[in-house]
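So the structure is just underneath, and the comments pick up after that.
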Amino acid sequence: MSNARRLLTRRALLGTAVASAIASVPISTAASAQPRPAAGSPVAASPTPTPLRLTLPAPTGPHPLGTIPLHLVDRSRVDPWQDSRPARELMIQLWYPAHAAHGHPPVPWMSPGADPVFEREQGIPPGTLLLPTTHAHLDAPEDRGRCGRSVVLYSPGLRSDRSLGTVLIEELASHGYLVVAIDHTYDADQVEFPGGRVETFAITGDIDDALIAKALAVRTADTRLVLDQLTALNAGHNADVGRRPLPPTLASAFDLSRVGMLGHSLGGATAAAAIHADRRLRAGVNLDGSLLPPVTDGTDRPFLLFGSDPGPGPEDSSWDQFWTSQRGWKRELAVIGSTHTSSTDLETLLPQAAPALGLTPSQVTQAIGTLDPHHAIHTQRDYVRAFFDLHLRHLDNHLLQHPSPRYPQIRFLR
């Protein structure tokens, strides 16, 4: 499996038919291939079709969900991608078990200002799709655990954003975790800040090892900023730049002795880089992301390599290097019948959107693999949660010890 496959989240994932591991055809091409009705014909005069509403699978845990976005600023750094910005700005989103959700509105999958930018970048014709609503409620009061809740940070892939991990994030939060999703400004396709300002992808040059190394350094610094601000939040300080009112129950809600990190693609590499650099992170999961030195030196803390279907090709050499050097608990799993895209929300959204976008079943299969989407999502949720339950909560359901007949699609590689 090539490094590019595991480092990049494709720019046009939602509107894409994947011709090979990473090659894609924008859905705008598929749409333009459809014959256009002649002006004045009955078809042309017919009402505009109702947009297709996409949905997300409900999380399986017992807790209702709350969420809140926060605007963070690191004044010690000039933005490394935009030197006209005197400080590094991030948006993060907290997801948590809620005490009650009544009276708090459900939150859209993507913020209103980012939504049209996402559609434009993906080549989705306006009015074709209605992006989903999450199962979380804005500013709902947090249901505090007795001793504070375990924390998981989420980092998305390159040219992706925090929304693409919602299916896994909601699952963890519904089972009692506090999850912090990070948008890495300027290497994401779009990030909306308070007031409606939207910042878009701003990295120039070839996506080579040198640029990826810089991105990992930037993202590691972003992660350390987030950890610092969680400490401030836990102490009762408002870390949001605009002093957005926060649910009062967030103070002391975080058990910062039990923090893990999860990421997809470049986000998975970020999880490995951050745990290598910061001992506050106790465990990490890499969803199909290649690694670079010094991350390949491994760590003394638990780490899960969770990959897509390896196919007939050779193993990613960076995973081999990491495995040899890793001193802490380690496991490598692969989901047979999945692709690089399968570890994102597109596993459920693309099949829903395909009819409206003119994608064939074959194109959908090329993009997300042959494994049934329901089974793929169920598998990812259960194994990711089993890992963090084991290493942050010391709860062992034995799912990571050996293959299970309940999950024939999981291959224990080592």
> Going through region 73-109 one residue at a time, which ones are of a type in the set (Lys, Arg), under 22 Å from SER160 (Cα atoms) and without any contact (Cβ under 8 Å) to a residue 60 or more places away in the chain?
Replying inline: ARG85
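Which residues, taken from region 120-132, are farther than 14 Å from LEU52 by Cβ and either free of Cβ contacts under 8 Å to residues at least 60 places away in the same chain or among the aliphatic types (A, V, I, L, M) (or both)?
ARG120
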>> I need the full set of residues from region 271-324 which are under 18 Å from ASP222 (Cα atoms), in a helix (DSSP H, G or I) and out of contact with any His (no Cβ under 8 Å at 6 or more places or on another chain), in order please.
In response: ALA271, ALA272, ALA273, ALA274, ILE275, HIS276, ALA277
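How about region 67-146: which strands (runs of 3 or more DSSP E) wholly inside it have at least 3 residues that are buried (at least 19 other Cβ atoms within 10 Å of the Cβ) and at pLDDT 95 or above?
Numbers: elements: 88-97, 106-108, 133-138.
In region 67-146, 88-97, 133-138 are the strands (runs of 3 or more DSSP E) which contain 3 or more residues that are buried (at least 19 other Cβ atoms within 10 Å of the Cβ) and at pLDDT 95 or above.
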>> Need the failing condition index for ASP208 against (1) farther than 29 Å from PRO245 by Cβ; (2) of a type outside the set (Phe, Trp, Tyr); (3) touching a residue at least 40 places away in the same chain (Cβ under 8 Å), just the number.
In response: (3)
>> Just the residues that are surrounded by 18 or more Cβ atoms within 10 Å (Cβ to Cβ) and in contact (Cβ under 8 Å) with a residue 24 or more places away in the chain, please, taken from region 391-408.
In response: HIS391, LEU392, LEU400
> If a residue has to be touching a residue at least 40 places away in the same chain (Cβ under 8 Å) and under 21 Å from SER257 (Cα atoms) to count, how many in region 274-300 make the cut?
Replying inline: 8
> When region 331-352 is examined, which residues are found to be crowded, with 23+ Cβ neighbours inside 10 Å and either assigned to a helix (DSSP H, G or I) or of a type in the set (Ser, Thr, Tyr) (or both)?
Replying inline: SER338, THR339, HIS340, THR341, SER342, SER343, THR344, LEU346, GLU347, LEU349, LEU350
> Is there a residue in region 242-254 that is within 30 Å of GLU119 (Cβ to Cβ), aromatic (Phe, Trp, Tyr) and touching a residue at least 40 places away in the same chain (Cβ under 8 Å)?
Replying inline: no
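The values are calculated or read from the model by the stated rules, or taken from the named source; none is laboratory data. Treat the numbers as computed from the prediction; the structure is a model and nothing was measured. No Cβ is skipped: glycine too gets one built from the backbone with ideal geometry, and neighbour counts run over all protein chains shown.
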